[in-house]
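What follows is a set of notes on a single structure, which appears directly below.
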Amino acid sequence: MNVLGSYVPGTSALHRAPAGAKLAVLVGLGAGSVLLQSPVRVAVAVGVVLVGYLVAGLGWRAPVDQLRPLVWLLGFTLVFHLVVSGWPRATVVVGTVVLLVLAAGLVTLTTRTTALVEVVVKLCGPLRRIGVDPERVGLMVALGVRCVPVVITLAEQVRDAQRARGLTASPRAFAVPLVVRALRHADGLGEALVARGVDD
Amino acid sequence: MLIEVTGVSHRYGSRTVLADVTVSLDEARIGVIGANGSGKSTFARLLNALVVPTDGRVRLDGLDTARSARDVRRRVGFCFTDPDAQIVMPTVAEDVAFGLRRLRLSKAAVADKVQAALTSYGLDGHADHPAHLLSGGQKQLLALASVLVTEPDLLVLDEPTTLLDLANARRVSELVAALPQQVLLVTHHLDLLAAFDRVLVFHEGRLVADDAPAAAVSFYRGLLA
Ligand SMILES: Nc1ncnc2c1ncn2[C@@H]1O[C@H](COP(=O)(O)OP(=O)(O)OP(=O)(O)O)[C@@H](O)[C@H]1O
Ligand SMILES: [Mg+2]
């Protein structure tokens, strides 16, 4: 799954490229994707991104891993557009989603969170004038990335605890203990941040 | 460091969790034991100003935790039971680097220190791994590395081995034993304290024994009998 912070170390040109430039290209690609109105253009763009995966030394499995969580969504979209608007439109829509997911994955796989956070801090620089501390914003982004796997683990623990006691899936019986655990975790995290000198 | 706790009581709401504790400590290895809820963690948190007592004073080398919390925290490292709660950055190297922010070092100096810390705590080769993929023992080693890289004078550990298996608990405790720093260790693993200089026993918020390890442990066992 494309959990942020899944950086794969390497020394390729893509790894060495500045994080700001990679993010800019990604944003540009997102904006420019509306221009990709023919299946051929979309295919070429996807091909270019796939070459990027090879250049970065990530292998063929990496793009597949990026797309796997979206298989159902992509399949459903494809069928929907095939029925409603025919195959050229269907390939363009699904191809564009694939393109953007792969491109975003390529950036996160080749860029350290620290580097992404530095870009965020820089972009937030002008906000200093209205009293926003860019360093704080950067810290929040990093903490957010760190919390994703923690919350997933907490959710798994809650689900396992329910199963162990033979409870069938009930949204409330899931949400309440998860929220309690998440709050407890946030408490501990806050304390750890203070102990580790966050307010210095 | 000289730890001076004078007439300290602490209440959460109307509940007294520490009652009139006075103790002065400067030994290199100090243990803290007691039943669940006896106030050990609260006592440990006093020492780096995570808890400021409702009554009394806590001073470290003369620094009052109520007034100089930041200076105290710079010199007192704290390691919690649950490594997941204290690893705050996404990858191993980033987490170790986090504590160094306040030293305002150059990037190269930070990278050197991080690398050295990872090597000495057996995390070499994990630098760019996401922290959540480490095992429980490795996470606790990372938590320790991240605290020790800042070179505190005193390291306070609140049950660092409680969530670990035997092998990892031994690794962590051997590592702690070899540290040049002064250590205050809260634990339920009584055998870790055998070589300690002094052991405090808490019971229902009171400091009820303060002795050599063997005597303190047998006093603690007597309380439960
Ligand atoms: N933030 C808090 N708010 C309210 N009560 C608290 C808080 N922290 C601790 N307590 C209470 O204070 C008492 C002492 O807690 P403390 O964590 O110091 O005990 P402990 O000796 O560390 O126990 P354990 O062995 O279970 O870790 C407990 O009864 C606990 O419920
Ligand atoms: Mg405790």
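The values are calculated or read from the model by the stated rules, or taken from the named source; none is laboratory data. It should be emphasised that the depicted structure is a prediction, and the values quoted were computed from it without experimental measurement. Cβ: placed from backbone, ideal geometry, glycine included. Neighbour counts: every protein chain shown. The protein model used for the area step is the full one, side chains on, heavy atoms only, and it has no ligands, DNA or RNA in it. Shrake-Rupley method; radii C 1.70, N 1.55, O 1.52, S 1.80 Å.
The set of residues from the stretch A:100-142 being outside any helix (DSSP H, G or I) and surrounded by 14 or more Cβ atoms within 10 Å (Cβ to Cβ) comprises A:T111, A:R112, A:C124. Check whether at least one residue in the stretch B:27-49 is in contact with a Lys or Arg (Cβ under 8 Å, 6 or more places away or on another chain) and modelled with pLDDT under 95, and report yes or no. Yes, that holds for at least one residue.
In this structure, B:P160 does satisfy being surrounded by 15 or more Cβ atoms within 10 Å (Cβ to Cβ), within 16 Å of ligand 2 (Cβ to nearest atom) and at pLDDT below 95. Checked against (1) open to solvent by less than 40 Å² (accessible area, probe 1.4 Å); (2) among the aliphatic types (A, V, I, L, M); (3) in contact with a Leu (Cβ under 6 Å, 6 or more places away or on another chain), A:L36 passes all but a single condition, namely (3).
Residues that are more than 17 Å from the chain's Cα centre (by Cα) and not hydroxyl-bearing (S, T, Y) within the stretch B:45-70 comprise B:P53, B:D55, B:G56, B:R57, B:D61, B:G62, B:L63, B:D64, B:A66, B:R67, listed in sequence order.
Does at least one position in the stretch A:59-81 carry a residue that is in contact with a Gly (Cβ under 9 Å, 6 or more places away or on another chain) and within 14 Å of another protein chain (Cβ to nearest Cβ)? No, the stretch A:59-81 contains no residue that is in contact with a Gly (Cβ under 9 Å, 6 or more places away or on another chain) and within 14 Å of another protein chain (Cβ to nearest Cβ).
For A:A173, indicate whether it is open to solvent by 20 Å² or more (accessible area, probe 1.4 Å) and within 12 Å of chain B (Cβ to nearest Cβ). Spelling it out, it is not the case that A:A173 is open to solvent by 20 Å² or more (accessible area, probe 1.4 Å) and within 12 Å of chain B (Cβ to nearest Cβ).
What's the total number of residues in the stretch B:89-131 that are assigned to a helix (DSSP H, G or I) and within 8 Å of chain A (Cβ to nearest Cβ)? Residues in the stretch B:89-131 being assigned to a helix (DSSP H, G or I) and within 8 Å of chain A (Cβ to nearest Cβ): 6 in total. For the stretch B:26-38, a residue qualifies if it is open to solvent by 10 Å² or more (accessible area, probe 1.4 Å) and within 14 Å of ligand 2 (Cβ to nearest atom), and the qualifying residues are B:A35, B:N36, B:G37.
A single member of B:R73, B:R15, B:R67, B:R57 is within 11 Å of ligand 1 (Cβ to nearest atom) and either buried (at least 18 other Cβ atoms within 10 Å of the Cβ) or more than 10 Å from chain A (Cβ to nearest Cβ) (or both), and it is B:R15. Residue under question is A:V94, and the condition is that it be in contact with a His (Cβ under 8 Å, 6 or more places away or on another chain) and modelled with pLDDT of 90 or more; does it hold? It is true that A:V94 is in contact with a His (Cβ under 8 Å, 6 or more places away or on another chain) and modelled with pLDDT of 90 or more.
Just one of the numbered conditions (1) within 14 Å of chain B (Cβ to nearest Cβ); (2) assigned to a helix (DSSP H, G or I) is not true of A:G10: (2).
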